[in-house]
Amino acid sequence: MLAGAALAANAVSSSAEDAPVKRIRTGLIGCGSVSNQYLPQLKNSPFVEVVSLCDIRPERAKAQAERYDVAHHYPHIEAMLAGEAFDLLVDTTDMQEHEKINRRAIESGKHVWSEKPIANTLAAGQELLRVALEKNVRLWGAPITVQSPQFAFMARQLAAGKLGRVAAAHADYGHEGPDWSAFFYEKGGGSMPDLAVYNLTSLTGLLGPARSVSAMVSIVTPERTVSDKGRIDVTEEDNAMVLMNHGNGVISHVQSGFNFFNPNGHDGSAETRHTISIVGSAGFMGMVGYDWEPLGVDLATKDSPKLERHVTESEGYLWQQGAVLAAECLSTGRELLVTPEHALHVLEIITAARESSATGKHVALTSTFKWPIVS
């Protein structure tokens, strides 16, 4: 299995030496800001041939096709599916559209890499996975935080019992909120599927599936001004506190929101504090920087109480590489640590957090995924 995105680079060189690389014909839908993160990775990958782009704003698809030298572009998903043949769909549309587009692509026999979330509800996501299995195609979803070498190091320390009896964990991620699109604040959006999803993925990946959730969510800023629609009403949470019970006494907490000032802005390379911390009876461990761009891991134990920094190199890991790793999997058979079941578990946590906040109750979870995640 892949130990992280770094292995993608190793696989490239070894595959290139041993045999011609099978390139996966790929189409990307959603030519907004995130496509500028994905397309350079896709275009530079020997596992990918980008054959088409699509956007409901045709001028955006045309502009990105010209910028990244892609031969075909389309104004909607049906035209894309009827156009130039491809095998893998990369979905970087507004999060509210993912479920519908992913289902249409899977029904058409396409593999899918989706930005988060895969769907809007657990039931809908599980149905997508059922159809994917029926059609013999693959489904994956962002984020890929479990692929980083820092995550791998933390998972190994936990498995080795370095922290003793694990008790608690905390994670936080937030900023002042996007100003380029309304979808972040409208129904189906919110700070949890956009931001908390990273920490929820990391903590469940490290500590195991959550058994129940208790949460409070709120709207701190009821009106926003965004580029595409001007002044809008905020209808989804822009502030969230989520408690997870992982069983065996382990409790974790995730804090996220669109009202969090940060002197570093959204520059991951400048964030040097612990955004994830785990404590146990015999040790402490903290991830330095954001889990989507980690800079290292600090560890202290009873046996070695001075905080020591480990894994300070990215080893090739980039948060934008998820679709490239999916293509590598399709090309070479190397499996990702990212799984659709994990993504759907995190989706259930988000919907359960909203239910908990509305009802004031703990909400039991029904989904799970293969754990521990080992590389």
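Values in this text are rule-based calculations from the coordinates and carry no lab data. Since the structure is predicted, the reported quantities are computational estimates derived from the model, not experimental observations. Glycine also receives a Cβ, built like all others from the backbone with ideal geometry; neighbour counts cover every protein chain displayed.
Pairwise Cα distances in the stretch 118-173 exceed 16 Å for 64 percent of all pairs. Per residue of the chain, the DSSP helices (runs of n ≥ 4 H) give a summed -39500 (n - 2.57) that works out to -9500 deg cm²/dmol at 222 nm. Rg and Dmax of the stretch 206-279, both derived from C-alpha coordinates alone, stand at 16.0, 48 Å.
In terms of distances greater than 21 angstrom between alpha carbons, the cross-link table entries LYS116/LYS162; LYS187/LYS229; LYS62/LYS116; LYS22/LYS370; LYS100/LYS187; LYS62/LYS187 yield LYS116/LYS162; LYS62/LYS116; LYS22/LYS370; LYS62/LYS187.
Between the beta carbons of GLU134 and SER375, assuming R0 = 25 Å, the FRET efficiency works out to 0.25 to the nearest 0.05. Within the same chain, aspartates and glutamates fewer than 8 places from LYS306 are excluded, and of the rest, those with a Cα less than 13 Å from its Cα are ASP298.
Would you work out the relative contact order for the stretch 6-141, in percent, from Cα pairs under 8 angstrom that are 6 or more residues apart? Don't skip to the end; give the middle numbers.
Values: 230 pairs, mean separation 27.4, N = 136.
Computed over the stretch 6-141, the figure is 20 percent.
Along the chain, the longest continuous region that contains none of the chymotrypsin sites (Phe, Trp or Tyr not before Pro) in a DSSP loop with at most 13 other C-beta atoms within 10 Å is 1-179. Quarter the surface of the alpha carbon convex hull of the chain and you get the mean projected area, 18.4 square nanometres.
Based on the Stokes-Einstein relation at 10 °C and a viscosity of 1.306 mPa s, and on the Kirkwood radius from alpha carbon pairs, the stretch 6-141 is assigned a translational diffusion coefficient of 104 µm²/s. If you take all other residues with their beta carbon under 10 Å from the beta carbon of GLU223, and give Lys and Arg +1 and Asp and Glu -1, the sum is +1. The orientation-averaged projected area of the convex hull spanned by the Cα atoms of the stretch 105-146 comes to 2.9 nm². Which percent of the Cα-Cα distances in the stretch 256-337 go past 18 Å? For the stretch 256-337, the share of Cα pairs beyond 18 Å comes to 57 percent.
Each Cα pair under 8 Å and six or more residues apart adds its sequence gap; the mean of these over the residue count of the chain is a relative contact order of 21 percent. Between PHE284 and ARG309, full extension at 0.36 nm per residue minus the direct alpha carbon distance yields a gain of 7.8 nm.
Which FRET efficiency value, to the nearest 0.05, do you get for ASP179 and ASN248 by plugging their Cβ-Cβ distance into 1/(1 + (r/R0)^6) with R0 = 30 Å? Intermediate results must be reported in sequence, preceding the final value.
On the way: r = 43 Å, r/R0 = 1.42.
For ASP179 and ASN248, the calculated efficiency is 0.10.
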